[in-house]
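Student: Handing you a structure now.
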Amino acid sequence: MGQNLVQRILSEHLVEGSLTPGEEIGIRIDQTLTQDATGTMAYLQFEAMGLPRVKTKLSVSYVDHNMLQTGFENADDHRYLQGVAAKYGIHFSRPGNGICHQVHLERFAAPGATQLGSDSHTPTAGGIGALAIGAGGLDVACAMAGQPFFLNTPKVVGIKLSGQLQPWVAAKDVILEVLRRLTVKGGVGKIMEYCGEGVGTLSVPERATITNMGAELGATTSVFPSDAATQAFLKAQGREDAYRELGPDADATYDEVVEINLSELEPLLACPSSPDAVKTVTELAGTPVAQVCVGSCTNSSFLDLMLVANALAGKSVHPGVSLTLSPGSKQVFTMIGRNGALADLIAAGVRVLESGCGPCIGQGQSPPSGAVSLRTFNRNFPGRSGTEGDKVYLCSPEVAVAAALTGVVTDPRTLGDKPPVEMPERFSIDDNMVLAPAADPASVEIVRGPNIAPLPLAEVLPDQLSGPVLLKLEDNITTDHIMPAGTWLKYRSNVPAYSQAVFYGVDSTFPQRAKDASGGFVVGGGNYGQGSSREHAALVPMYLGLKAVLAKSFARIHKANLVNFRILPLTFEDPADYDTIDQGDQLELTGLTTALAPDQPLAVRNVTKDLTYQVTHGLTDRQLDVIRKGGLLNAIKQGQGD
């Protein structure tokens, strides 16, 4: 029996375990990626390991999130990141060079390479045939230290594409269709591998849109084969030497198969406030729109922006619409500047922003109260835009520009012939905004601003955990709920200051109550911790004394982050037990020194109600060792965390 593409790449990088579904494996990581909102903490953790240089083939530190610099804090972080990169053998992508995933796809990602990034949309590089996985910053720091990345062997879902996208139907509609069918929980414990004859009709930027937003499925990652389209893209980037043909064997099998006929798709929208709340544009046609935002790591490629520019050429943005556009990279920005497209955009009334994440992470452009905002982004979680009660819809650039012209949700197929957009034979290549590591690392001084606080560590696991239920939450709680971004981002390197934001939009009294109670527990529903890879959603609650989370189920990255910071992730054996717990109930776990073992359930006693719940953790020997020692960094320091 032949291998599928995922099995092939995993086999090439396997250093521990075997590829048995559900069994923990360790894989070698070739490349790492960080961005400034997660990178400062990741590099503080790497420094704590005491190594002189990273051990990966390539590591890149990007600045693309905290771009407004409304105070000194962000600029101080950027200066720290530049110094760390120079000293420890890391390439540094300066502010203004672009969004990490877009730039990495253009300049660094390689077919067959493994890539670990401290951002949940790292799977973007799957569009070029890389096995790219999002993780917490501490896991990325460990990979830079040469340690394996551990994960449970995922199931592989073959998404078989046939046919060809029709005019005005986009790659964004492909992933929205997958989300419509599988939901935001449908990819947990799985990798999505795209296959079938329809794959060859999609360019690398289109494939990257699909793999980028595969993160919203909860999938470990998504990947396309490396073929003629990949070779053409790499050649146009001046990187043809990175090309290798890579795909599944002819007799490869999959754990599941999803079939999608591209020819039958139509323009889609994800409705507020979840990426899987998908409807057709025809169902929503006529809905008034006040704001349209084009950009993000999902849809800010040269092809995306040229489509918008060509559709707007000689026209004006509707007077009731504010239209913003964020180029994904300096390369894209330069090219639309040189070919005249930027002038067409400006003339049409587009508000052009810098090459960064911007409004996608709540950094500006919050929509009006009660108004509809169409965005080509990947997430529309409640309040993520910065406006409480926001009405954010996710869509393709095609649907976005149609609404920008008409002022209402409009089927772009009614606009006439789609403007032609072609992949350039040669992209504009100038890496002057990427700084190579210093030739003399010893001469580099790392400057730490006053907002960069010492790294907090957990203590070893005690025999007993007890305390109140500090908060009870529903299903699909995101890491945005736990640790909001937006204006709080400047405190990512200052845990004591950032701790005031824990569950800020859910219950702003949480930080003080947690301190007053000397910590406690959180109870969650299903898919707890979905969304961003931000390890701060575990690190900062740990700082406030969070001891365990009891939930119906967990998102992959967040569960791993909880373990890394010695917070027990516990799953109810009987989901009905969730209904019997209230905020304020006193819980306790005893005898952990002996009871904490693989495949062994634990008993949680509700002291208030004299009830006992059976819970499981699903952790391996290695993960339990990390928990016992007070988290991954403590375990590494003891020389036994690998």
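The values are calculated or read from the model by the stated rules, or taken from the named source; none is laboratory data. All values reported here derive from a predicted model rather than from experimental measurement. Positions of Cβ are backbone-derived with ideal geometry, glycine not excepted, and every protein chain shown enters the neighbour counts.
Student: Residues of region 322-345 being buried (at least 23 other Cβ atoms within 10 Å of the Cβ) and not in a helix (DSSP H, G or I), which ones?
Tutor: L323, L325, S326, P327, G328, S329, listed by residue number.
Student: Let me ask something else. Looking at region 27-69, which of the residues that are over 21 Å from the mean Cα position of the chain (by Cα) and not in a loop (DSSP other than H, G, I, E, B) is farthest from K87 (Cα to Cα)?
Tutor: A48
Student: Within region 604-622, which residues are touching a strand residue (DSSP E or B) at 6+ places or on another chain (Cβ under 8 Å) and either β-branched (V, I, T) or in a helix (DSSP H, G or I) (or both)?
Tutor: Within region 604-622, V604, V607, T608, T612, V615, T616, T620, R622 meet the criteria.
Student: Answer yes if at least one residue in region 61-76 is under 23 Å from I636 (Cβ atoms) and in contact (Cβ under 8 Å) with a residue 24 or more places away in the chain, and no otherwise. Write out each step before concluding.
Tutor: So in region 61-76, the residues under 23 Å from I636 (Cβ atoms) come out as 61.
Right, trim to in contact (Cβ under 8 Å) with a residue 24 or more places away in the chain and you get 61.
Yes, region 61-76 contains at least one residue that is under 23 Å from I636 (Cβ atoms) and in contact (Cβ under 8 Å) with a residue 24 or more places away in the chain.
Student: Between L353, L394, which is surrounded by fewer than 24 Cβ atoms within 10 Å (Cβ to Cβ) and in contact with a Pro (Cβ under 8 Å, 6 or more places away or on another chain)? Spell out how you get there, then give the answer.
Tutor: Details: L394 fails: surrounded by fewer than 24 Cβ atoms within 10 Å (Cβ to Cβ).
Result: L353 is the single residue among L353, L394 that is surrounded by fewer than 24 Cβ atoms within 10 Å (Cβ to Cβ) and in contact with a Pro (Cβ under 8 Å, 6 or more places away or on another chain).
Student: Does G96 qualify as being closer than 24 Å to Q623 by Cα and either out of contact with any Lys or Arg (no Cβ under 8 Å at 6 or more places or on another chain) or touching a residue at least 40 places away in the same chain (Cβ under 8 Å) (or both)? Spell out the reasoning first.
Tutor: Numbers: closer than 24 Å to Q623 by Cα: no; either out of contact with any Lys or Arg (no Cβ under 8 Å at 6 or more places or on another chain) or touching a residue at least 40 places away in the same chain (Cβ under 8 Å) (or both): yes.
Considered against the rule, which asks whether it is closer than 24 Å to Q623 by Cα and either out of contact with any Lys or Arg (no Cβ under 8 Å at 6 or more places or on another chain) or touching a residue at least 40 places away in the same chain (Cβ under 8 Å) (or both), G96 comes out as no.
Student: Exactly one condition in (1) among the β-branched types (V, I, T); (2) in a loop (DSSP other than H, G, I, E, B); (3) touching a helix residue (DSSP H, G or I) at 6+ places or on another chain (Cβ under 7 Å) is not met by T387; state its number.
Tutor: That leaves (3) as the condition not met.
Student: Residue by residue through region 397-409, note down the ones that are polar (S, T, N, Q) and either in contact with a Ser or Thr (Cβ under 7 Å, 6 or more places away or on another chain) or buried (at least 24 other Cβ atoms within 10 Å of the Cβ) (or both). Give the steps one after another, and end with the answer.
Tutor: Taking region 397-409 as the starting set, the residues that turn out to be polar (S, T, N, Q) are 406.
The answer is none; no residue qualifies.
Student: A371 - would you say it is closer than 13 Å to V281 by Cβ and modelled with pLDDT of 95 or more? Can you show your working first?
Tutor: Working: closer than 13 Å to V281 by Cβ: no; modelled with pLDDT of 95 or more: yes.
No.
Student: Could you tell me how many of the residues in region 380-397 are among the hydroxyl-bearing types (S, T, Y) and modelled with pLDDT of 95 or more? Full working, then the answer.
Tutor: At the first step, the residues of region 380-397 found to be among the hydroxyl-bearing types (S, T, Y) are 385, 387, 393, 396.
Filter again for modelled with pLDDT of 95 or more, leaving 393, 396.
So the answer is 2.
Student: To continue, here is another question. Would you be able to say whether some residue in region 261-281 is within 18 Å of I346 (Cα to Cα), surrounded by fewer than 16 Cβ atoms within 10 Å (Cβ to Cβ) and charged (D, E, K, R)?
Tutor: So in region 261-281, the residues within 18 Å of I346 (Cα to Cα) come out as none.
No, that holds for no residue.
Student: Which residue, of L592, L544, L611, is within 27 Å of C142 (Cβ to Cβ), more than 33 Å from the chain's Cα centre (by Cα) and not β-branched (V, I, T)? Spell out how you get there, then give the answer.
Tutor: Working: L544 fails: more than 33 Å from the chain's Cα centre (by Cα); L611 fails: within 27 Å of C142 (Cβ to Cβ).
None of the others qualify; the one that does is L592.
Student: Select, from G356, G370, the only residue that is in a loop (DSSP other than H, G, I, E, B) and free of Cβ contacts under 8 Å to residues at least 60 places away in the same chain. Let's see the steps before the verdict.
Tutor: On the way: G356 fails: free of Cβ contacts under 8 Å to residues at least 60 places away in the same chain.
So the residue among G356, G370 that is in a loop (DSSP other than H, G, I, E, B) and free of Cβ contacts under 8 Å to residues at least 60 places away in the same chain is G370.
Student: Kindly indicate whether any position in region 463-472 is part of a loop (DSSP other than H, G, I, E, B) and either surrounded by 13 or more Cβ atoms within 10 Å (Cβ to Cβ) or aromatic (F, W, Y) (or both). Steps first, answer last, please.
Tutor: Start the filter on region 463-472 by keeping residues that are part of a loop (DSSP other than H, G, I, E, B), which leaves 463-464.
This time we only want the ones that are either surrounded by 13 or more Cβ atoms within 10 Å (Cβ to Cβ) or aromatic (F, W, Y) (or both), so: none.
Scanning region 463-472 turns up no residue that is part of a loop (DSSP other than H, G, I, E, B) and either surrounded by 13 or more Cβ atoms within 10 Å (Cβ to Cβ) or aromatic (F, W, Y) (or both).
Student: Identify, from the list V506, V495, the residue that is of a type in the set (A, V, I, L, M, F, W, C), touching a residue at least 24 places away in the same chain (Cβ under 8 Å), surrounded by fewer than 23 Cβ atoms within 10 Å (Cβ to Cβ) and over 28 Å from Y62 (Cβ atoms).
Tutor: On the way: V495 fails: over 28 Å from Y62 (Cβ atoms).
That would be V506, the only listed residue that is of a type in the set (A, V, I, L, M, F, W, C), touching a residue at least 24 places away in the same chain (Cβ under 8 Å), surrounded by fewer than 23 Cβ atoms within 10 Å (Cβ to Cβ) and over 28 Å from Y62 (Cβ atoms).
Student: If you scan region 1-26, which residues turn out to be buried (at least 17 other Cβ atoms within 10 Å of the Cβ) and part of a helix (DSSP H, G or I)?
Tutor: Listed by number, the residues that qualify are L5, V6, Q7, R8, I9, L10, H13.
Student: Right, next: If you go through region 78-97, how many residues are closer than 23 Å to S296 by Cα and part of a helix (DSSP H, G or I)? Walk me through it before giving the result.
Tutor: Here is the first cut: in region 78-97, the residues closer than 23 Å to S296 by Cα are 78, 81, 91-97.
Add one more test, that the residue is part of a helix (DSSP H, G or I), and what stays is 78, 81.
Adding up the residues that qualify gives 2.
Student: Moving to a separate point now. Considering region 517-540 alone, what residues qualify as being closer than 18 Å to E474 by Cβ and either free of Cβ contacts under 8 Å to residues at least 24 places away in the same chain or surrounded by 24 or more Cβ atoms within 10 Å (Cβ to Cβ) (or both)? Please lay out each step first, then the result.
Tutor: Of all residues in region 517-540, those closer than 18 Å to E474 by Cβ come to 521-531, 537.
Once the filter is applied, which keeps residues that are closer than 18 Å to E474 by Cβ and either free of Cβ contacts under 8 Å to residues at least 24 places away in the same chain or surrounded by 24 or more Cβ atoms within 10 Å (Cβ to Cβ) (or both), region 517-540 yields F521, V522, V523, G524, Y528, G529, Q530, G531, A537.
Student: Now for a different question. Of the residues G50, G83, G127, only one is at pLDDT below 95 and out of contact with any strand residue (DSSP E or B) (no Cβ under 7 Å at 6 or more places or on another chain); which?
Tutor: Working: G83 fails: at pLDDT below 95; G127 fails: at pLDDT below 95.
That would be G50, the only listed residue that is at pLDDT below 95 and out of contact with any strand residue (DSSP E or B) (no Cβ under 7 Å at 6 or more places or on another chain).
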